[in-house]
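Nothing in this text is a laboratory measurement; each read-out follows from the coordinates by a stated rule. Model, not experiment: these values are computed from the prediction. Here the Cβ is made from the backbone with ideal geometry for all residues, glycine too, and neighbour counts use every protein chain on show.
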Amino acid sequence: MLGLVPSATLLGADGHAVTVEVHVTDGGLPSFSIVGLPDTSCREVRDRARAAIESSRLTWPVKRVTVNLAPPTVRKVGSGLDLAVAVALLVASGQLPAEAVAGKAFIGELGLDGRVRPVPGTVCLTEVLGDAALVLPVESTDEARLVGDRVLHPVRSLAEVVACARGEEPWPTAGSAGPLPEPPPLPDLADVRGQPMARYALEVAAAGGHHLLMLGPPGAGKTMLASRLPSLLPPLGPAEAIETTRIHSAGGFGLPPGGLVRVPPFRAPHHGASSVALVGGGTSLMRPGEISAATNGVLFLDELAEFSPHVLDALRQPLEEGVVRVARAAATVTFPARFLLVAAMNPCPCGHGGQPGGCRCTEGARLRYQRRLSGPLLDRFDLRVEVQRPRPDDLFGSEPGEASAVVAERVRQARELARARGVRSNAELPAGRLDDLAPLDDAATRLLLGALRSGRLSARGLHRVRRVVRTVADLAGHPGALGADHVALALSLRVDLAGATPHPESVAG
Amino acid sequence: MSEPARAQLAALAALAGLPALGPRRFLALVHHRSPLDAWALASAGDAAALARALGGDRDLDTLARSWRSAADGVDPLAVLAAHEAADVAVLAHPSVLAEPPSPPDGPRYPERLVDDPEPPAVLFARGGPVPAGPSVAIVGTRRCTGTGAGMARELGRELAAAGVHVISGLALGIDGAAHRGALDARSGHPDAASPIGVVGSGPDVAYPTRHRDLWEAVAAEGTLLSEAPLGARPAGWRFPCRNRLIAALADVVVVVESHAAGGSLHTVHEAIRRDVDVMAVPGSVRSPAAAGTNQLLAEGCPPVRDAGDVLVALGLVRGRRRRPVEHRPLPGPDAAAVLDALGWEPATFEHLAVRCGLGLAELAVALEELVAGGWVSQHGGWYEQRATA
């Protein structure tokens, strides 16, 4: 007897349709074999399915059982095929009528007591199931509703599935989706006192999509500032929301109530992170990494110099291309990785090296510390600002800062100007069109030439600065030619790492 | 030079390359025996003989072993020849080697060091002879502020222009800035006094490497002195010895900036031992880089406000020199307000934005104007006022 049930498995952040075929025969000794490239976690289905079937007052056939997961070229990972295998086995052993499950796909993990549990990546799995009705764990209903409007049968246990298939109960159906619950409020920029330059750097980063590096001693509020960035970014559009939700679903990063990620994600991996955790991969599961989880949002790397240099260099290609390709022997998968990179670091090991004369480190220790960051990575940061603890006497008398909503409105307008130029944000302006889209007036040109001559700016840095100048002018409400004041402000948003260069007073000339 | 004298000088040069051979041990080693005998003793690796020679009762096994391995395969005459080929003079203390060097007008052992309480047994010199005129050591921290570096450069320039030889250690920060100043003066007036650099590594081993150009310039324009032979790496124990030479060669030691327990205070200590005057440049009481110098002032050091104060201490001029004419373009109203808000302590863009209440763009423009006009320097996001362009 044969049972055929459609299901799906996950590779990276992509679902692959799988047909579960179970063959049960009387010939030979009783046995259970599973073929079709299952990995170890997938093989465990035998023990779970057997316990679940027996717990549900059904019979495990004492016969020769063969499970085939087709197509056999795709590696099957994890426990998401459990329910499909159990149902196909019940059909093959004559305990369920084949026509009762025709046109239905099954996704879910089985507990030993027969309960059906959710599995990661439901969004991606649902996408590839054609127009079959989907039987799935109750907890996954919100996720499955995000893609298409197929018939959903949310179930709690294998016994419930069997009862429905035998016609003893009607199949449960998912009600229509209510309005998505309001996301909890994000940390607000109004909480930050003083620090006008750091606040402005956040605004420019959000408006232009420019990567930001904050330098400063411990306790200057770098983490607090960075966590305010998502509240300045525009909320995710429908396509972006699905893109980010798929990654979060597939990677098991957790989804908000309602299932859809609608606010820009904020990911802050610890500096002990391995390159697989950051970039994605793993042996067979091919899980997306933190940089993909930060897609359409913010990746915050605190203590940047404490990350392993090898891990940081793995960021360069995704930063350039917006996707990360993870190649392993088993397969190659591509994850989206388009994020705003915000990093924070101390200028030197003692943390006080920014202030002239303030450092307690030896020269060697400073150089070793700063060499941990490769030049190409540092070049990616269009904005580099020194963040200092505000002095108490500076704090008093300063006005409370603007709230996120006010800044976010300016950011939205600047992003609209960028969209009118054909890019998502000014950071993506093609170098060849800068003369056209970011023209400079005479005073601005003189200022940039001066910065080039004095060595403050490299030829490569010039393009990057011009994009920042464009954003600065857009935020100031000057969509036309760029003035000297915009250039001056953009240049002051780009400090050099002290110690990487000798002090101007002590060089020849 | 006679053959035997040459062999003795070669032995001295070879001895100077041994590890952990400080000036006191060096003198003890060559005090009662000839340099050749001392070399034989040091390279033999006999700990008991060494202990008798050095007069210590400590266990010298490790030292004897390290000297024997360092001396292994070293031919003193080849060492001397290498120095002659590289145009590095080997100068022996008169009490160690009586015979004067062959060319009577060539470089000779510095007069001031002959009667020093702890003179180097042998010196290696590049460039001209150590001049006899007035000399001032300008020392300070490597991690200085822009104000400190600017002050050191100004002092170096004006003292050299007034005919005072500037002595320093060619280190990063204050040391380097002082010599840059002295070289500035030389490029304008060839009769400005020549600089003297005293270093802790071999005269060919530029350390820090960032100052290689400065080493070459000082060797070309003045004198570069070291107790270490060619090729000697910068070892930690050599720097305090270098500091004592700086103090011994100077008429006055000026400390421009020093942290609370900075290495330049060691130079001060050596100067006091030798009755050399010590002066200090006052700094902000809030600047960590001026904590050491302000402490010196509190203990009674005369302050240095400009080169004139040093010249008075040297007895070269009476009264103060005039301030040079201001050539910098006068800052506009916004820029002047920013300059006032900046004062003489380092500040970030953000500090200034909060203090002067200008918009960020106006502040950025004002700072660009000030930097371009030479009123302000910017380094690593920190702005500092400059006394001179």
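Taking every pair of alpha-carbon atoms in the range B:279-389, give the share separated by more than 19 Å as a whole percent. Tail of the P(r) past 19 Å holds 56 percent of the pairs. When every alpha-carbon pair in chain B is counted, what percent end up more than 25 Å apart? It works out to 59 percent of all Cα pairs.
Taking every residue in A:469-476, how many Cβ atoms of other protein chains lie within 10 Å of its Cβ, on average? That average works out to 1. For A:K104, the lysines whose Cα falls under 23 Å of its own Cα, not counting residues fewer than eight places away in the same chain, are A:K76. Exposed loop sites were defined as trypsin sites (Lys or Arg not before Pro) in DSSP loop states (anything but H, G, I, E or B) carrying at most 13 other C-beta atoms within 10 Å; in chain B the longest segment without such a site runs B:59-285.
Multiplying each eigenvalue of the alpha-carbon gyration tensor of the range A:224-264 by 5 and taking the square root yields semi-axes of 19, 13, 8 Å, largest first, rounded to whole angstroms.
The residues neighbouring B:G283, those whose beta-carbon lies less than 10 Å from its own, together hold a net charge of -1 under the Lys/Arg +1, Asp/Glu -1 convention.
Taking other residues whose beta carbon is less than 9 angstrom from the beta carbon of A:S79, and scoring Lys, Arg as +1 and Asp, Glu as -1, yields -1.
Please say if the range B:333-385 is rounded, prolate or oblate, where rounded means a/c under 1.5 for a ≥ b ≥ c the square roots of the C-alpha gyration tensor eigenvalues, and otherwise the choice is prolate for a/b larger than b/c and oblate otherwise? Verdict is rounded for the range B:333-385.
Placing a label point 7 Å from the Cα of A:S374 along the Cα-to-Cβ line, the residues of the range A:194-235 whose backbone N sits under 20 Å from it are A:211-213.
Residues B:W67, B:W237, A:W60 in ascending order of nearby Cβ atoms (within 10 Å, fewest first): B:W237, A:W60, B:W67. Using Cβ point charges alone (K and R +1, D and E -1), the dipole size of the protein assembly as shown about the Cα centre works out to roughly 800 debye. For A:R384, nonlocal amide neighbours, meaning residues 5 or more places apart or on other chains whose placed amide H falls under 5 Å from its own, are A:L213, A:R494, A:V495.
The spacing between the range B:13-69 and the range A:260-318, judged by their C-alpha centroids, is 59 Å.
Among B:E154, B:E221, B:E326, the largest mean-square fluctuation in a Gaussian network model of chain B (Cα springs under 10 Å) belongs to B:E326. Taking 0.36 nm per residue of separation and subtracting the current Cα-Cα distance, fully stretching the chain between A:R43 and A:T173 would add 43.7 nm.
Residue by residue, the range B:115-121 carries 3J(HN,Hα) couplings of 9, 5, x, 9, x, x, 5 Hz when phi is fed to the Karplus relation 6.51 cos²θ - 1.76 cosθ + 1.60 (θ = phi - 60°); x denotes Gly or Pro. Under 5 Å from the amide H of B:V376 lie the amide H atoms of B:V371, B:R386, each residue being 5 or more positions distant or on a separate chain, with H modelled from the backbone and absent for Pro and chain starts. Residues of the range B:331-368 with an amide N closer than 12 Å to a point placed 7 Å from the Cα of A:S454 along the Cα-to-Cβ direction: B:365-368.
Legend: ranking of residues A:S292, A:S157, A:S249, B:S135 from fewest to most surrounding C-beta atoms inside 10 Å; resulting order A:S157, B:S135, A:S249, A:S292. For chain A, the orientation-averaged shadow of the C-alpha convex hull comes to 28.5 nm² (one quarter of the hull surface). When only the Cβ of Lys, Arg, Asp and Glu is charged (+1, +1, -1, -1), the dipole of the range B:333-385 relative to its Cα centre reaches about 60 debye.
Count Lys and Arg as plus one, Asp and Glu as minus one, and take only other residues whose Cβ is under 15 Å from that of B:A232; the net charge is then +2.
Here the protein assembly as shown is treated as a Stokes sphere of Kirkwood radius computed over C-alpha pairs; at 37 °C and 0.692 mPa s its diffusion coefficient rounds to 100 µm²/s. Working note: Karplus 6.51/-1.76/1.60 with θ = phi - 60° gives the range B:301-317 the couplings 5, x, x, 10, 9, 7, 4, x, 4, 6, 5, 5, 4, 7, x, 8, 9 Hz, where Gly and Pro are set to x. Of the trypsin sites (Lys or Arg not before Pro) in the range A:301-359, the ones in a loop by DSSP (not H, G, I, E or B) with at most 16 other beta carbons within 10 Å are A:R328. The mean count of C-beta atoms from other chains within 10 Å of the C-beta of residues in A:7-17, rounded to a whole number, is 0.
About its Cα centre, chain A has a charge dipole of approximately 1060 debye under the convention of +1 per Lys or Arg Cβ and -1 per Asp or Glu Cβ, with nothing else charged. Once the Cα atoms are used to define both axes, helix A:459-475 deviates from the longest principal axis of chain A by about 80 degrees. Our coupling estimate for the range A:167-180, obtained by passing each phi through the Karplus curve with A = 6.51, B = -1.76, C = 1.60 and θ = phi - 60°, is x, 6, 9, x, 4, x, 10, 7, x, 5, 5, x, x, 5 Hz, Gly and Pro reported as x.
The range A:327-398 and the range B:275-309 have Cα centres lying 35 Å from one another. For trypsin sites (Lys or Arg not before Pro), the sites in the range A:1-75 that DSSP calls loop and that have at most 14 other Cβ atoms within 10 Å are A:R57.
For the range A:44-116, the normalised intensity computed at q = 0.13, 0.15, 0.27 Å⁻¹ comes to -0.36, -0.49, -1.46 (log10 of I(q)/I(0), Debye sum over alpha carbons, equal scatterers, no solvent). Put the Cα centre of the range A:442-479 next to the Cα centre of the range A:52-84 and the gap is 63 Å. Placing unit charges on the Cβ atoms of the charged side chains and taking the dipole of the protein assembly as shown about its Cα centre, the candidate lying farthest along the positive direction among A:G178, B:P110, B:S2 is A:G178.
Rounded to the nearest 500, the 222 nm mean residue ellipticity of chain B from helices alone is -13500 deg cm²/dmol, with -39,500 (n - 2.57) taken per DSSP H run of at least 4 residues. Rank B:P23, B:A232, B:A220 by how far each Cα sits towards the positive end of the charge dipole of chain B (+1 on Lys, Arg Cβ; -1 on Asp, Glu Cβ) and give me just the farthest. The listed residue farthest towards the positive side: B:P23. Of all DSSP bridge pairs formed entirely within the protein assembly as shown, close to 45 percent run antiparallel. Dividing the summed -39500 (n - 2.57) terms of all DSSP H runs of n ≥ 4 by the residue count of chain A sets its mean residue ellipticity at 222 nm at -9500 deg cm²/dmol. Look at A:H271, B:H266 and count the other Cβ atoms within 10 Å of each Cβ; fewest to most, that gives A:H271, B:H266.
Between the helical axis of A:82-92 and the longest alpha-carbon principal axis of chain A there is an angle of about 20 degrees. Cα-based values for the range B:135-314, radius of gyration first and Dmax second, are 14.6, 42 Å.
The C-alpha atoms of chain A define a longest principal axis, and helix A:404-420 lies at about 90 degrees to it.
For A:A268, nonlocal amide neighbours, meaning residues 5 or more places apart or on other chains whose placed amide H falls under 5 Å from its own, are A:F300.
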